[in-house]
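Student: Before I ask anything, here is the structure I am working with.
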Amino acid sequence: MRRARPAIRLWHRWFGLTTGLWLLLLALTGSAITWYDELDTALNPDLRRAPAAAPGTAVAEPVTAALAAAGAALPGFAARHVDLPDRPGESLWLIGSAEIDGARASVQAFAHPQTGALLGWRQSGVWSLDRRHIPDLLYGLHVDLLVAPWVTFLFGLVSLLWLIDHVLAGVLAVPRLARWREAFGVKGKAGSLRRLFDWHRAPGMWAWPVTAALALTGVTLAWPEISRDVVRTVAPVSDRLEYALPDRPVATPAVSVEQAMARVATAPDQIDSFRPLPDKGLWAIRTFDRRDLDYQGRQWTYVDMTDGRIVGRRHDRGEGPGDEFFAWQFALHSGQAFGEVGRWLVFLGGLVTAALVWTGVDLWRRRLRVAGRG
């Protein structure tokens with residue numbers, strides 16, 4: 001391994017210099033969107049919070065009313081996902097697409113959970129620093145720079161290289177196993193190269209389990225199909241049930257989403273969200289389940305839009321190790337697998353990664369200057 005160290009050091013140096021900007025962007029935006037809902041609510045309380053309904057204004061089917069209100073305000077509105085309130089006072093969040101300025105665009109609409117009245121809407125994927133769009137801008141920058149899917153593929157490649165670098169950086173950080181504790185401490189005089197090197201090495205070692213998990217899940221989330229094909233070589237991986245169901249388009253559901261939810265759950269707070277699948281003629285209702293690994297309901301129940309029959313059920317954790325592996329990916333990447341502690345660890349992991357990029361470039365610059373003087 002000692003003979004390989006110069007090659008490993010060369011890799012680590014040039015990995016950092018060539019991907020540092022991308023890592024810095026992913027790290028800072030990732031830390032920010034760890035608190036996406038909290039940030040969005042703080043900036044846009046008029047959208048994310050719903051005032052108390054006036055007496056006599058509540059309706060029997062508020063979600064259906066909200067879908068109709070969004071359709072009236074946004075030409076051609078089609079919902080892809082509707083998130084129900086998790087707590088009292090939160091609004092309905094309708095995510096979909098509509099005709100904006102003559103083109104199909106992604107939009108988010110917000111409605112009152114008791115009356116279905118529209119509270120407001122915004123276009124997704126907009127380059128704007130106003131309070132309406134900052135949370136979505138940060139999310140878009142983290143996923144694809146608001147450019148195109150090929151950027152997501154690029155970020156997956158960066159994550160793969162970053163995962164490889166984690167292994168090699170660990171080798172560089174611990175040249176002798178007998179002295180492994182030194183890699184976790186900071187020594188040297190203030191302003192010295194040794195102090196700078198330790199400030200580059202020690203935080204990386206402390207945060208290694210978190211950042212390695214972020215690198216791995218960054219690959220699987222950016223390359224979902226490729227990742228599934230790889231995992232299928234060692235374990236079966238199943239898909240959502242609707243992928244295997246035949247197309248059976250329904251233009252106007254005979255069964256409302258409220259009726260479908262009543263078939264699935266006995267209490268409203270058991271339901272996390274739903275997805276209309278008109279091409280399949282189904283409502284996909286997502287409910288909370290003891291097997292959930294994050295803050296989202298991962299139990300899917302499919303209800304026929306024409307007669308209310310329950311067509312099938314599936315939990316995202318599936319029944320085998322392949323499904324279990326993929327169920328953990330978002331839960332680990334967001335930190336939600338370990339609750340609020342996990343979210344803080346992911347937030348700090350992003351900040352540490354940003355600091356490692358900064359100290360790594362500074363270390364290279366100062367060593368280059370010292371070498372030039374010699």
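The numbers here are math on the coordinates, done by the rules we state, and not lab data. Please read all numbers here as calculations on a predicted model, not as lab measurements. Glycine also receives a Cβ, built like all others from the backbone with ideal geometry; neighbour counts cover every protein chain displayed.
Student: Taking a ≥ b ≥ c as the square roots of the eigenvalues of the Cα gyration tensor of the range 241-317, is the shape rounded (a/c under 1.5), prolate (a/b larger than b/c) or oblate?
Tutor: Oblate shape, in that a/c is at least 1.5 and b/c is the bigger or equal ratio.
Student: Can you bin the range 42-97 into rounded, prolate or oblate? Criterion: square roots of the alpha carbon gyration tensor eigenvalues sorted a ≥ b ≥ c, rounded for a/c under 1.5, prolate for a/b above b/c, oblate for the rest. Mind showing how you got there, number by number?
Tutor: On the way: a/c = 1.83, a/b = 1.24, b/c = 1.47.
It is oblate, given that a/c is not under 1.5 and a/b is not larger than b/c.
Student: In addition: Between the range 298-336 and the range 160-211, how far is it from one alpha carbon centroid to the other, in angstrom?
Tutor: 39
Student: Taking only Cα atoms and a 10 Å spring cutoff, compute GNM fluctuations for the chain and point out the largest among GLY120, GLY297, GLY140.
Tutor: GLY120
Student: If R₀ is 41 angstrom, what is the calculated FRET efficiency for the pair ASP362 and ARG131, using the beta carbon separation as r and rounding to 0.05?
Tutor: 0.75
Student: Follow-up. Whole-Hz Karplus ³J(HN,Hα) for the range 336-349, in order, using 6.51 cos²θ - 1.76 cosθ + 1.60 and θ = phi - 60°, x for Gly and Pro?
Tutor: 5, 4, 10, x, 5, 4, x, 5, 5, 5, 5, 4, 5, x
Student: Which angle from 0 to 90°, rounded to the nearest 10, does the C-alpha axis of helix 193-206 make with the longest principal axis of the chain?
Tutor: 40
Student: With springs only between Cα atoms under 10 Å apart, run a GNM on the chain and tell me which of ARG48, ARG80, ARG248 wobbles the most.
Tutor: Among ARG48, ARG80, ARG248, the largest mean-square fluctuation in the Gaussian network model of the chain belongs to ARG248.
Student: At 10 °C and a viscosity of 1.306 mPa s, what translational diffusion coefficient does Stokes-Einstein give for the range 1-67, taking Rh as the Kirkwood radius over Cα pairs? Give it in µm²/s as a whole number.
Tutor: The estimated diffusion coefficient comes to 93 µm²/s.
Student: Is it possible to state the helix-based mean residue ellipticity at 222 nm for the chain, with each DSSP H run of 4+ residues giving -39500 (n - 2.57), the sum divided by total residues, to the nearest 500 deg cm²/dmol? What is it?
Tutor: Helices in the chain give a 222 nm mean residue ellipticity of -16000 deg cm²/dmol.
Student: Sort the following peptides by mean Cβ neighbour count (other Cβ atoms within 10 Å, averaged over residues), highest first: 70-79, 52-61, 154-163. Don't jump to the answer; show the numbers that get you there.
Tutor: Working: 70-79: 16.6, 52-61: 10.7, 154-163: 19.3.
Per-residue Cβ counts within 10 Å, averaged per peptide and sorted highest first, yield 154-163, 70-79, 52-61.
Student: So what are the ³J(HN,Hα) numbers for the range 229-234, from phi and the Karplus equation (6.51, -1.76, 1.60; θ = phi - 60°), rounded to whole Hz, Gly and Pro as x?
Tutor: Couplings: 5, 5, 5, 5, 6, 10 Hz.
Student: Taking amide hydrogens as modeled 1.01 Å from N in the peptide plane, which residues meet the under 5 Å criterion relative to GLY281, leaving out close sequence neighbours?
Tutor: ARG248, VAL250
Student: Arrange ILE8, ILE310, ILE271 by Cβ neighbour counts within 10 Å, fewest through most, would you?
Tutor: Ascending Cβ contact count within 10 Å gives the list ILE310, ILE8, ILE271.
Student: Tell me the label-point distance for the pair ASP239, VAL171, using the 7 Å Cα-to-Cβ offset, in nm and rounded to one decimal.
Tutor: With each label placed 7 Å out from Cα toward Cβ, I get 3.9 nm.
Student: For the range 135-279, what D do you get in µm² per second when you plug the Kirkwood radius from alpha-carbon pairs into Stokes-Einstein at 37 °C and 0.692 mPa s?
Tutor: Taking Rh from Cα pairs, D becomes 162 µm²/s.
Student: Which value, in Å³ per residue, describes the convex hull spanned by the Cα atoms of the range 220-374?
Tutor: On the way: hull volume 26.2 nm³, N = 155.
Once divided by residue count, the hull of the range 220-374 is 169 Å³.
Student: Residues with amide H under 5 Å of HIS315's amide H, sequence separation 5 or more or different chain, H placed in the peptide plane at 1.01 Å from N; which?
Tutor: Answer set, sorted by chain and number: TRP300.
Student: Still on this structure: For a protection proxy built on the mean count of beta-carbon atoms within 10 angstrom, sort 253-262, 184-193, 98-107, 213-222 highest first, please.
Tutor: 213-222, 253-262, 98-107, 184-193
Student: Now a separate question. So, R0 is 22 Å and r is the distance between the beta-carbons of THR306 and ILE95; what FRET efficiency does that work out to, to 0.05?
Tutor: 0.35
Student: Ok, one more. I want to verify a result. In a Gaussian network model of the chain, Cα cutoff 10 Å, which of these has the top mean-square fluctuation: ARG343, ARG313, ARG176?
Tutor: Comparing ARG343, ARG313, ARG176 in the GNM, the peak value goes to ARG176.
Student: Continuing with the same structure: In Å, what Rg and Dmax follow from the Cα atoms of the chain?
Tutor: Over the chain's Cα set, Rg and Dmax evaluate to 24.3, 83 Å.
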